[in-house]
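The values are calculated or read from the model by the stated rules, or taken from the named source; none is laboratory data. A quick note: this is a predicted structure, and the numbers were derived from the prediction, not measured. Here the Cβ positions follow ideal geometry from the backbone for every residue, glycine too, while neighbour counts run over all protein chains shown. Side chains included, ligands, DNA and RNA excluded: accessible areas come from the protein's heavy atoms. Shrake-Rupley method; radii C 1.70, N 1.55, O 1.52, S 1.80 Å.
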Amino acid sequence: MIKINKSKKISHLSFKIKKFLQFYPWKDCAPNQFKSLDKKISDCNVAIVSSAGFVIKNKQKPFDINDKFGDSSYRVIPSNINSNELEEYQKSNSFDHSGIKTDPFSALPIPHLVDLYNKGFIGSVNPRHISLMGANINTSKLIKKSIPDIVQIFKEDKVDIVLFIPV
Amino acid sequence: MCHQTVSLVQKFCEENYISCSMISIIDEITNKLNPKRFLSVPYSLGFPLGEINQFENQKKIVKQLLKTIQ
């Protein structure tokens, strides 16, 4: 069993990473407009966005782990995916990758949503979910190309709720 | 960077009236990003839902994440 450090503070990271993160010009991601959920969660269609860098083995192009600014593309992962079909391409060296390699659904919890649907806690599990490689330093391509596509996918699918799982 | 990448997607989803919530592993970063909603978890990077192969415990986190929305 893998022992998990219970710390959630930046202080558990290495000195080099900690310094980088402290001085990094983080984007303000507060939405300029939003709407409160106007229906019960039990009536909502739910999708997931994971930054674990999963692709479907032998079917989708791997994320470019050599792109020094980070690969800002995305992959669509269907709800009926099996964990052994997922392959991880996450370039970040700031975390232990063994967990998401061993248990991909720990960073893309589709079966968990299916179980919550079966128990009536949510209305439906969206047939499409999104995989990104989170290590994006240059966010302009992400904002100009990938995010509009992702929002369009969710609008087409009439998604009510998106859960975001950074790794 | 993972927190920022998903927070940016969150911003544009919210602005298109899709409700969002995200896992926060490192709250110092999440607070700088300022997403609409998040669930702080006591786990390390790489383990957003806690211990691997612990389906029921992971599902509890997913359920708590959903509850932040309503």
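Given a 1.4 Å probe and heavy atoms of the protein chains only, how would you sort A:Val49, A:Val114, largest accessible area at the top?
Greatest to least solvent exposure: A:Val114, A:Val49.
Relative contact order for the range B:2-67: what is it in percent, counting Cα pairs under 8 Å that are at least 6 residues apart?
Rounded, it is 27 percent for the range B:2-67.
In the range B:2-67, with Lys and Arg counted as +1 and Asp and Glu as -1 at Cβ, which of these residues, B:Ile61, B:Leu49, B:Asn31, has the Cα nearest the positive end of the dipole, that is, farthest along it?
B:Ile61
Counting pairs of alpha carbon atoms under 8 Å apart in space and at least six apart in sequence, what relative contact order in percent does the range A:71-167 give?
For the range A:71-167, the relative contact order is 43 percent.
Over the range B:2-67, how many pairs of lysines fall under 23 Å by alpha carbon, counting only those 8 or more apart in sequence or from different chains?
10
Using a 1.4 Å probe, how large is the accessible area of B:Phe55, given in Å² and rounded to the nearest 10?
Taking all protein chains as shown, B:Phe55 has close to 70 Å².
Could you pull the accessible area for A:Ser94 with a 1.4 Å probe, rounded to 10 Å²?
Around 40 Å² of this residue is reachable by solvent.
For a quick check, take a GNM of chain A with Cα springs below 10 Å and name the residue from A:Asn126, A:Asn45, A:Asn84 with the largest mean-square fluctuation.
Comparing A:Asn126, A:Asn45, A:Asn84 in a Gaussian network model of chain A, the most mobile one is A:Asn84.
With no solvent and one point per C-alpha, what does the Debye sum give as log10 I(q)/I(0) for the range A:35-128 at q = 0.14, 0.22, 0.23 Å⁻¹?
For the requested q values the scattering log ratios are -0.59, -1.10, -1.16.
Heavy atoms only, probe 1.4 Å: what % of the accessible area of chain A goes to carbon and sulfur, would you let me know?
Solvent-exposed carbon and sulfur of chain A make up 52 percent of the total.
Checking an interface number: how much accessible area is buried between B and A, summed over both chains, with a 1.4 Å probe, in Å² rounded to 100?
6200 Å²
Specify the residue with the greatest mean-square fluctuation among A:Asp28, A:Asp64, A:Asp38, computed from a Gaussian network of chain A linking alpha-carbon atoms under 10 Å apart.
So, out of A:Asp28, A:Asp64, A:Asp38, the one fluctuating most is A:Asp28.
Mean-square fluctuation check for chain A, GNM, Cα pairs under 10 Å: which of A:Asn58, A:Asn93, A:Asn32 is largest?
It is A:Asn32.
With every protein chain kept in place and ligands, DNA and RNA left out, what is the accessible area per residue of the range B:2-67? Probe 1.4 Å, answer in Å².
For the range B:2-67, the per-residue accessible area is 31 Å².
Just to verify a number: what accessible area does A:Arg75 come out at with the full protein assembly present, 1.4 Å probe, Å² rounded to tens?
Using a 1.4 Å probe on the heavy atoms, I get roughly 30 Å².
Tally up the carbon and sulfur contribution to the accessible surface of the range B:2-67 as a whole percent, 1.4 Å probe, everything protein left in place.
47 percent
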